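Every number in this text was worked out from the coordinates using simple rules, so none of it is lab data. The structure displayed is predicted, hence computed values, not measured ones. Cβ coordinates were reconstructed from backbone atoms using ideal geometry, including for glycine residues, and neighbour counts include every protein chain displayed.
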Amino acid sequence: MAPTRNDQSKTSSKLSSSPPVEKWDDWVEFDADAWPRRVARHYQLIPTSCFNCESACGLLAYIDKESGQIAKFEGNPRHPGSRGRLCAKGPAVINQIHDPDRVLYPMKRVGPRGSGKWERTSWDEVLETFGGRIRKAIQEGRGEEVMYHVGRPGHDFIMERTLQAWGIDGHNSHTNICSASARLGYVLWHHADRPSPDHANARFILLLSAHLESGHYFNPHAQRIMDGKMAGAKLAVIDPRLSNTASMADYWMPSYPGTEAAVLLAMAKVILDENRFDATFMKNWTNWEQLEIDGFKADGQDFNAVIEALKRHYAQYTPEFAEKESGVPADVIVKVAREIADAGSRFASHLWRGSASGNLGGWQAVRALMLLHVLTGSVGTPGGHNLNAWNKFVPKPFSVPPPQKRWSEMLYPPEWPLCTHEMSFLLPHFLKEGRGRLEAYFTRVFNPVWTYPDGFSWIEVLRDEKLVGLHAALTPTWSETAWYADYVLPMGFSSERHDLMSQETHASKWIGFRQPVLRVFQEKRGRKVDYTYQANPGEVWEEDEFWINLSWAIDPDGAMGIRQWFESPYRPGQKITVGEYYRWIFENSVPGLPEAARKENLTPLEYMRKYAAFEVTTDVYKLNEKPVPAGNLDGSTVAATGLVTKNGKPIGVQLNGTIVTGYNTPSRKLELFSKTLADWKWPEFALPEYYRSHVHRSARELSVGLRPDDLDPQYTPVVDWPKDARGEVYTLLPIFRLPVLIHTRSGNAKYLYEIAHKNPLWLNPVDAKKIGEVSTGDLLKVHTEIGYFVVHAWVTEGLTPGVVACSHHLGRWRMHKEDKIERFTSAWVDLKEVGKGQWKMRQITGVQPYDSSDPDTRRVWWSDAGVHQDITFPVHPDPISGMHCWHQVVRVERAGADDHYGDIFVDTTLSHAVYRKWKALTRPAPGPQNSRRPLWFPRVARPAESSYYFGKP
Ligand code: SF4
């Protein structure tokens, strides 16, 4: 019998899932390629973190000691979040680093923007060029013309610190096309903008998404959902689509998109009416005393009167009403509500994208879901809902610059004062409107031309040198956006860079250390490596060292006060090294790490180089009940409600005679009643409510000239069709994920695209018949408000009738046949501007085999590159959360004789008109005291408090 990898010594018959740590310095496996000969190969195993999604699972790189090359990646068993397991995208890192088409050297444009002509340049030239331009902009008071725009962050805090050291308000992110809506719902309740469900200990789990197969913390959460199920928990899934997650559920509730809040509020009504709620928890931990609703004021009333007022208010959300809205049967709603009440404090849930990101008002579904947690007292409990802030650990570096005294309205414009993150997807429209320009623009692991809605508007501004002066794409791969940059700067994949990450994967706190494994390997062998690009393939660098060096290039003599933040804490006045940056954090900011290292005779940095992960604490629950340290109470006052304030700011709440921390909200309680929404001109939504999304059936009827009387135009914009849009009207779900793909970065991962390379349009047989006896594989034309795309049909009963669905992740393109751009997945296209703002794309060929140093590129057997749909969507900024509401009202017809698979057409003048229509729904700042935004709301790279006001408060 052939030896397994775990019994190589033939002395042990025990199986284990990973090599033991004591053998990581010399792990021996037999070479599969040499079979049937038994050729032993010796590996150095070095841990790092995956960068293919935000979960930051622990990877273990197998470095062949003879060749010095990475042979494969497996899971790091010492990582507390991922526990040695990975999803398919983890091991596929090996494809990414060995991709023969990858960008290996810094490249500079030599032709007009978008012409695809490049030459190799040096890192020194890049630093000098950008250092000079940024220095001049800051010195001339144009700091806001410097913008850093991030897609996948993959690190904690270092960029906020860098930009604040420069004194600018320049951090932009992708969050408002991702999760801003859900974040608002959570922020309004408890300030923390993400949930940290304790799935493993739950008795009932409710997911409003395909979280088990493709969630935000996919692999770590999936493991724990299954742990919970194995221990007897029941699983319910609300999703119009029969996802792999729904197929594992005890209850699948296929709701009509955008009606989820109606279903959740009907469940809340059942729990309230049946008096199954946790009255003690609600009384202690909600701000019920502030409730004002339907003419009722809680002030001076007792708790029971408030409960009666809530019952009266929520009487409108009957299970029958919810059934009419959503299609979920009333008896199922009642049954699930009772199961949730039975689970009590062991009720866990997750809602992140899906219904929240798809719908206008999607954040209301989170407000409604949290109401179920509050009613059942399942906040902060084992098996319940915890706060991400309790389970995520971000240690402080050796020094922190002061907040910038500036406010960029290109990031946080006055129309969206409650947006949870920067209004990033509107940047092309802001630039076109003349709100500003960019002197130096960094896109970093970010491909808005392809991943954002309305990508042709991005192309229009990116190619205009008056609007975007200098653009660097910091990216591990080529992308449709990098094509329009001035510089393409190669940055490392998972195993080629340093980062520190922590995520709320379970009721614990941990940090994970991403490290460049080839650099660590070489240093272990005594070679001095000054910069990571000296050890990585080609001259692939990492952002940490790039930002340190760029900061020195901006302020070479320290006169601007920038350089000081990038000087070594160990060697005064000298440039800090990346090793010193992390050494200081591990020695000083991570409780328990120095002690754990000492036990192994290691320094804290050596410990993290060895294990790449550390669990700071476990079993983190109910941090709201932590007493406020007595020293912090000097000079504080306690109000009749128990609210404790100091210098006018809430710091805690008195509960049963003890002053405890509470939640980081104005009331220090869970905000059942949002005074913030009332103060900021949305009083009708101060309680969790349901209102109809832009894809509600009534909105669809309106788009074809019918006049339903149940849609309020002050909330819901009307769809105006381009003149040639024809066919049946549907709601399109465009944001479900394929579990094995990422957005842009997986494009060069051959394992992954061999598994998944199609994104047909799902439609129910009922609708296939209605459109015209459509069969799987037939060509359909999908009209949006600004154009169309042509795609194959997939007829399935796994989708609610009236809804069509198409996954993103596919439809990559390249302009020239020979462009070395992710050829496992990109189509060669003909892209033309056929009129002002009118863009037409046609695929010339799909994926084809090609010659390269990797023989597998000749073995590519698939030809489908998928169809890009996002670029045919206009922007839909939610007037409150600022989220791009992804779902679309579309018309679907059979494709005509002139239509080809993959055809795309878009008119960007229509997209700007849609932008203006949605903008008109906003209720702009100022808010109380002439402020731009509620002071208690989180904000990335938070400016000084004085910047929060238009003039004086
Ligand atoms: S879930 Fe998959 S892609 Fe995400 S970090 Fe873990 S292994 Fe990587």
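Figures for the structure shown
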quantity: Pairwise label distance in nanometres, D830 with K770, each label 7 Å out on the Cα-Cβ vector; calculated: 3.6 nm
quantity: Long-range amide H partners of L235 with built H, under 5 Å; calculated: I205, D250, Y251
quantity: Normalised contact order of segment 402-471, rounded percent, pairs of Cα under 8 Å and 6 or more residues apart; calculated: 31 percent
quantity: Estimated translational D of the chain in µm²/s (Stokes, Kirkwood radius over Cα pairs; 4 °C; 1.567 mPa s); calculated: 45 µm²/s
quantity: Within the chain: Cβ-based charge dipole about Cα centre, in debye rounded to nearest 20 (Lys, Arg +1; Asp, Glu -1); calculated: 1020 debye
quantity: Contour minus Cα-Cα distance for M230 and E595 (0.36 nm per residue); calculated: 127.8 nm
quantity: Alpha-carbon centroids, segment 808-865 and segment 735-774: separation in whole Å; calculated: 17 Å
quantity: 14 Å beta-carbon shell around F430, net charge (K/R +1, D/E -1); calculated: -4
quantity: Segment 749-835: Rg to Rh, with Rh as the Kirkwood radius over Cα pairs; calculated: 1.04
quantity: Within segment 558-663, GluC sites (Glu not before Pro) in DSSP loop having at most 16 other beta-carbon neighbours inside 10 Å; calculated: E600
quantity: Contour excess over end-to-end distance, with Cα ends at E274 and F950 and 0.36 nm allotted per residue; calculated: 238.5 nm
quantity: Computed label-point distance, nm, for sites I755 and Y850 using a 7 Å Cα→Cβ extension; calculated: 2.3 nm
quantity: D302 paired with E66, simple spin-label distance in nm, labels 7 Å along Cα-to-beta-carbon; calculated: 8.3 nm
quantity: Percent of alpha-carbon pairs separated by more than 29 Å within segment 68-226; calculated: 45 percent
quantity: Distance between segment 458-514 and segment 105-132 - C-alpha centres, whole angstrom; calculated: 16 Å
quantity: Amide proton proximity set for A805, modelled H, under 5 Å, gap of 5+; calculated: L733, W762
quantity: Hydrodynamic radius by Kirkwood, which averages 1/r over all alpha carbon pairs of segment 352-454, in angstrom; calculated: 17.9 Å
quantity: Using a Förster distance of 35 Å, the FRET efficiency for T796-D724 (Cβ separation, nearest 0.05); calculated: 0.75
quantity: Residue-by-residue Karplus 3J(HN,Hα) for segment 494-503, coefficients 6.51, -1.76, 1.60, Hz, glycine and proline x; calculated: 3, 9, 10, 7, 9, 7, 10, 9, 9, 9
quantity: Per-selection Kirkwood Rh - segment 558-712 (Cα, Å, 1 d.p.); calculated: 21.7 Å
quantity: Proportion of all alpha-carbon pairs of segment 485-583 beyond 18 Å (%); calculated: 56 percent
quantity: Karplus 3J(HN,Hα) series, Hz, for segment 322-338 with 6.51 cos²θ - 1.76 cosθ + 1.60 (x for Gly, Pro); calculated: 4, 4, 4, 6, 9, x, 7, x, 4, 5, 5, 4, 5, 4, 5, 4, 5
quantity: Summed side-chain charge close to P112 - residues other than P112 whose Cβ falls under 12 Å, Lys, Arg +1, Asp, Glu -1; calculated: +1
quantity: Alpha-carbon Rg with Dmax, taken over segment 848-941, Å; calculated: 22.0, 66
quantity: Neighbour-count ranking [beta-carbon atoms within 10 angstrom, fewest first] of D499, D864; calculated: D864, D499
quantity: Full-extension gain in nm, E523 to E606, via 0.36 nm per residue minus C-alpha separation; calculated: 28.7 nm
quantity: Value of [θ]222 nm, deg cm²/dmol, for the chain, DSSP H segments ≥ 4, -39500 (n - 2.57) each, nearest 500; calculated: -7000 deg cm²/dmol
quantity: Per residue convex hull volume, Cα atoms of segment 274-413, in Å³; calculated: 207 Å³
quantity: Sequence of Y581, Y915, Y788, Y949 once ranked by neighbouring C-beta atoms within 10 Å, starting from the fewest; calculated: Y949, Y581, Y915, Y788
quantity: Binned Cα-Cα distances of segment 718-781, short to long, each 5 Å bin given as a whole percent; calculated: 3, 12, 20, 16, 16, 14, 11, 7, 1
quantity: 3J(HN,Hα) from dihedral phi, segment 178-183, Karplus parametrisation 6.51/-1.76/1.60, rounded to Hz, x for glycine, proline; calculated: 10, 9, 4, 5, 4, 4
quantity: Average Cα contact separation per residue, the chain, under 8 Å, 6 or more apart, as relative contact order %; calculated: 16 percent
quantity: Length-normalised contact order for segment 412-526 - Cα pairs under 8 Å, 6+ apart - percent; calculated: 18 percent
quantity: Long-range HN-HN contacts of L59 with modeled amide H, under 5 Å; calculated: T48, S49, C50, N76
